[in-house]
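Each remark here refers to the structure printed beneath this line.
The values are calculated or read from the model by the stated rules, or taken from the named source; none is laboratory data. In this text the structure is predicted, and so the values were computed from the model without any measurement. Here the Cβ positions follow ideal geometry from the backbone for every residue, glycine too, while neighbour counts run over all protein chains shown.
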Amino acid sequence: MMIPLTDITDQPLLPPMQSWYHVTTSRQLKKGQITTATICNKEVVVYRTESGNVRAIDPHCPHLGAHFGHGGKIKGENIECPFHAWTFNDEGKLIDVPYSDTTPTSTRACLTQWHVREKHGLILVWFHPKGLEPSFEPDLPQDLIEGNWSKHTENTYQIEGYVQELVENLIDVGHFPKIHQYDKLPEVKEASVKDHIFRAHIHTVANRLRFFEIETSFIAEFVGCGFSAARVRIGKHWQLLVIAGSTPKRTGEVHTTFTIRYLKTGNWFHDMISRYLTRFFEDDFLNDVNIWANKTYVENPLLSKDDGPIHKVRKWAKNLEQSDRQQAA
Ligand code: FES
Ligand SMILES: [Fe+2]
């Protein structure tokens, strides 16, 4: 029998799709700082003005093409180019050519600004493959985010794969016993789609913490493929809020940031356990990252009846991608 040869570089090319994608975190972008991020092979320069406003722009200067992310400077609310020091205000408009007494006023004397939002510690920009305006806002549902939360921890990972695979991971209940050592298969109580939103509720009673049987539930909402909140209830007493951003940098490469908060009670013992649980979930995610580092994307996976509604996530992601094309037509 002939065995077909598989090219190890042969990752399928999934098209990029519209979403709010995080570019950095609020903590990492201080007043006066500039950073550069990549989304679907496109660079975007993000900066915070001295008053605290965040702006996102195309990286190259319309004068002679210098890159604002390499030596640009924030001057108050303005950004100065590193090459000839032309200065642009926070609406992107050219306001000063320092060695000339006139300033070009054509429509080209303006930086291209991206839509930017700062939400729950993440800085998000709107990306559409055809450059269209936002079709939704990155608003997380009140029932998941309300509460008296601690300050968050944040961790960023470079992951091999596609953004929708991080959505899939939650309802891929079959990997919980092997990767996360759950001794019972979680039950999918909800996996619903509404336009750009995918919501899931996973529930299990398992000896997950190796001390005693404990009920754990995850209710998560993904607002597009790039931004999500998950409220995790562990037993009767502990709750965590995981707000995450996942950004496709290049084909098959995702930049993910997880922020975790715990519900505060003011009781030191309770909060100490909550901090332990926070670290526990951070470490647990590394087990997924290690698998993703070497897996491939199987477009038409062979599934068992107990695998969870993986096709539902794929259909939702495909619809988002196809609605991009319809909007652009
Ligand atoms: S290239 Fe930016 S000021 Fe000249
Ligand atoms: Fe996982």
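Which of the residues spanning region 22-80 are in a loop (DSSP other than H, G, I, E, B), modelled with pLDDT of 95 or more, hydrophobic (A, V, I, L, M, F, W, C) and out of contact with any Lys or Arg (no Cβ under 7 Å at 6 or more places or on another chain)?
If the condition is that a residue be in a loop (DSSP other than H, G, I, E, B), modelled with pLDDT of 95 or more, hydrophobic (A, V, I, L, M, F, W, C) and out of contact with any Lys or Arg (no Cβ under 7 Å at 6 or more places or on another chain), then Cys61, Leu64, Ala66, Phe68 are the ones that fit.
Which strands (runs of 3 or more DSSP E) does region 83-127 wholly contain that include 3 or more residues that are at negative phi and touching a residue at least 40 places away in the same chain (Cβ under 8 Å)?
116-119, 122-127
Just a yes or no: is a residue in region 301-309 out of contact with any Gly (no Cβ under 7 Å at 6 or more places or on another chain) and buried (at least 17 other Cβ atoms within 10 Å of the Cβ)?
yes
Has region 173-190 got any residue that is free of Cβ contacts under 8 Å to residues at least 60 places away in the same chain, surrounded by 15 or more Cβ atoms within 10 Å (Cβ to Cβ), assigned to a strand (DSSP E or B) and not charged (D, E, K, R)?
For region 173-190, residues free of Cβ contacts under 8 Å to residues at least 60 places away in the same chain, surrounded by 15 or more Cβ atoms within 10 Å (Cβ to Cβ), assigned to a strand (DSSP E or B) and not charged (D, E, K, R): absent.
So in region 113-171, with the set limited to residues that are modelled with pLDDT under 95 and among the small types (Gly, Ala, Ser), which one is nearest to ligand 2 (Cβ to nearest atom)?
Gly161
Listed here are the residues, each with its yes/no results for (1) within 15 Å of ligand 1 (Cβ to nearest atom); (2) in contact with a Leu (Cβ under 7 Å, 6 or more places away or on another chain).
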{"site": "Leu14", "(1), (2)": "no, no"}
{"site": "His22", "(1), (2)": "no, yes"}
{"site": "Thr35", "(1), (2)": "no, yes"}
{"site": "Ile39", "(1), (2)": "no, no"}
{"site": "Lys42", "(1), (2)": "no, no"}
{"site": "Gly65", "(1), (2)": "yes, no"}
{"site": "Phe68", "(1), (2)": "yes, no"}
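Do you know which residues across region 237-254 are within 22 Å of Gln142 (Cβ to Cβ) and either more than 9 Å from the chain's Cα centre (by Cα) or of a type outside the set (Gly, Ala, Ser) (or both)?
Trp238, Gln239, Leu240, Leu241, Val242, Ile243
Looking for something closer than 15 Å to Glu221 by Cβ, without any contact (Cβ under 8 Å) to a residue 24 or more places away in the chain and more than 16 Å from ligand 1 (Cβ to nearest atom) - is there at least one such residue anywhere in region 146-163?
Yes: one or more hits.
Taking Glu299 as the residue in question, decide whether it is modelled with pLDDT under 95 and within 20 Å of the chain's Cα centre (by Cα).
Against the criterion (modelled with pLDDT under 95 and within 20 Å of the chain's Cα centre (by Cα)), Glu299 does not qualify.
Please state which one of Glu253, Glu213 is without any contact (Cβ under 8 Å) to a residue 12 or more places away in the chain, touching a strand residue (DSSP E or B) at 6+ places or on another chain (Cβ under 7 Å) and either among the basic types (Lys, Arg) or surrounded by fewer than 20 Cβ atoms within 10 Å (Cβ to Cβ) (or both).
The conditions single out Glu213.
Across region 37-59, which residue is surrounded by the fewest Cβ atoms within 10 Å (Cβ to Cβ) among those that are under 17 Å from Leu122 (Cβ atoms) and among the small types (Gly, Ala, Ser)?
Looking at residues that are under 17 Å from Leu122 (Cβ atoms) and among the small types (Gly, Ala, Ser), I get Gly52.
If we keep just the residues of region 70-87 that are over 13 Å from Leu111 (Cα atoms) and out of contact with any Cys (no Cβ under 9 Å at 6 or more places or on another chain), which is nearest to ligand 1 (Cβ to nearest atom)?
Ala85
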